[in-house]
Amino acid sequence: MNNYRLETEVIHRGYESKSFQGSLTPPLFQSSTFTMESAEQGERRFAGDEEGYIYSRLGNPTVTILEERIAELEGGEAGLAFSSGMAAVSATLFALVRSGDHILVSEGVYGCTYGLLELLKDRFKVDYDLIAMDKEEHIRSYIRPETKVIYVETPINPTMKLVDLQLISKLGKETGAKVVVDNTFATPYLQRPILLGADVVVHSATKYISGHGDVVAGLMVGSEEFINEVRMTTQKDIGGIISPFDAWLLIRGLKTLPVRMDRHCSNAIQIANKMKNHPKIKEIIFPGDESFSQVDVIEKQMKQAGGMISFLVNGGKETAQRLMNELKLIKIAVSLGDAETLIQHPATMTHSVVPEEKRAQMGIGPELLRLSVGLEAWEDIWVDIEQALEKI
Ligand code: LCS
């Protein structure tokens, strides 16, 4: 297949209808296993001497289309799909570290990623440090001979801080640590870490890639060698594979990713502009606003600022929760990147598993709220926020 622009690849990459009786949309291979023509063929397939599907934990034609598509979109050699974002994150880390190793982590990660780091530390003696990743010398001072992975989210959930991916990739190459980037908030439409030097990209595909709030899934992109290793070890033997139907839904979701992202981004700019002038809002943290402290990093690596806004209200947890309860159109829910605008309170919801002092280090206080700006008319989203703000 020729190389096309990303907006075309999201629709076509990895699928040739003539191989599937002309079906315009990729067929759903809802099959757990695949029959062999002979015992000898079974032997050859297991030995790796003949290509072909064996069993859906090892590969499935619908899933293959998704994996080829995401690899192309991220600019990597190969892709792998998982049952959840956490299955992708855990398969990556279990493949890259051994007892005694060290992981350097951005100061702020999704709550369950923090939980996984703690589990690795407690049970498998893999140490980690959460650090601010803004200054080169500061980052360098934490890299040890045992540092095998530099793991970052950017933008960080939910504090919206950014990490300079070229800088981190340079440090990874110099020290031999693998750079893993969770690209959930940006998606490959806004940011392509592998093209900036990262080794592995992971996603919670549950979010913008699905886009419709109906799938929990994960994706990984990296070198052919790394993806094959994970496919045959920490995916095959731990087992966090995607179902063919969920892969099919993600193929469908990806087709509209660019148009949806444009709308999420433009809606977020409108909402942020209204919010920042409201007296009951103490501060907005939105990479698309001129007050944002890392505008230089956006210019280096992001096409647009994204559809997520975090903000602080005057008055702490009770006021934050009251604001949520007064909303009518906007739904109180974790997850993000859906058509519906969603709001959540990170300190008591997505990041409640993170101890309070670590939350404070990450910048997650009781007055912080996170808004996933949806695809509705932005005026309707704002009217809802404004009427709720009037009541607090
Ligand atoms: N990485 C990031 C940045 C995430 O935000 C999440 C989930 C994950 C990984 C894990 O993905 P999952 O297994 O849920 O597909 N984030 C959530 C959030 O902020 N609200 O609900 C889930």
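How would you classify region 105-166 from its alpha-carbon gyration tensor, with a ≥ b ≥ c the square roots of the eigenvalues: rounded for a/c under 1.5, else prolate if a/b is greater than b/c, otherwise oblate? Note, shape of region 105-166 comes out oblate. Over all projection directions, the Cα-based convex hull of region 262-377 averages an area of 7.4 nm². When the alpha carbon gyration tensor of the chain is reduced to an equivalent ellipsoid, the three semi-axes, largest first, read 36, 26, 18 Å. Between the beta carbons of Gln166 and Ser223, assuming R0 = 25 Å, the FRET efficiency works out to 0.85 to the nearest 0.05. Listing Asp296, Asp384 from fewest to most neighbouring C-beta atoms within 10 Å gives Asp296, Asp384.
Among Ser310, Ser204, Ser56, whose mean-square fluctuation peaks in a Gaussian network model of the chain (Cα, cutoff 10 Å)? Residue with maximal mean-square fluctuation among Ser310, Ser204, Ser56: Ser56. Taken along the Cα-to-beta-carbon direction at a fixed 7 Å, the label points for Lys135 and Asp237 span 4.3 nm. In a reduced charge model with +1 at each Lys and Arg Cβ and -1 at each Asp and Glu Cβ, region 257-389 shows a dipole moment near 200 debye about its Cα centre.
Please give the helix 111-124 orientation as an angle from the longest Cα principal axis of the chain, in degrees from 0 to 90, rounded to the nearest 10. On a 0 to 90 degree scale, this one is about 60. Between Thr319 and Thr25, what FRET efficiency follows from the Cβ-Cβ distance if R0 is 45 Å, with the result rounded to 0.05? The formula returns an efficiency of 0.40 here.
Counting other Cβ atoms within 10 Å as a rough exposure proxy, the listed residues Thr256, Thr62 run Thr256, Thr62 from fewest neighbours to most. Fully extending the segment from Glu146 to Asp214, taken as 0.36 nm per residue of separation minus the present Cα-Cα distance, adds 20.5 nm.
Put in line by how crowded their Cβ is, counting other Cβ atoms within 10 Å and starting with the fewest, Met86, Met349 read Met349, Met86.
Among the trypsin sites (Lys or Arg not before Pro) in region 326-392, which ones are in a DSSP loop with at most 11 other Cβ atoms within 10 Å of the Cβ? Mind listing them? Answer by residue number: Lys328, Lys391. Once the C-beta distance of Lys328 and Ser99 is scaled by a Förster radius of 51 Å, the resulting FRET efficiency is 0.50 to the nearest 0.05. Full-extension gain between Ile54 and Asn277, please, as 0.36 nm times their residue separation minus the C-alpha to C-alpha distance. Fully extending the segment from Ile54 to Asn277 adds 74.4 nm. Using 0.36 nm per residue and subtracting the Cα-Cα separation, the extra length available between Ser38 and Val353 on full extension is 108.2 nm. Peptides 152-163, 91-102 ranked from most to least packed give 152-163, 91-102, packing being the mean of other C-beta atoms within 10 angstrom over each peptide's residues.
Ranked by the mean number of other Cβ atoms within 10 Å of their residues, highest first, the peptides 35-44, 257-266 fall in the order 257-266, 35-44.
Each value in this text was obtained by applying a stated rule to the coordinates, not by laboratory testing. If you're wondering where the values come from, they're calculated on a predicted model, not measured in any experiment. FYI the Cβ positions are ideal-geometry reconstructions off the backbone, even for glycines, and counts take in every protein chain you see.
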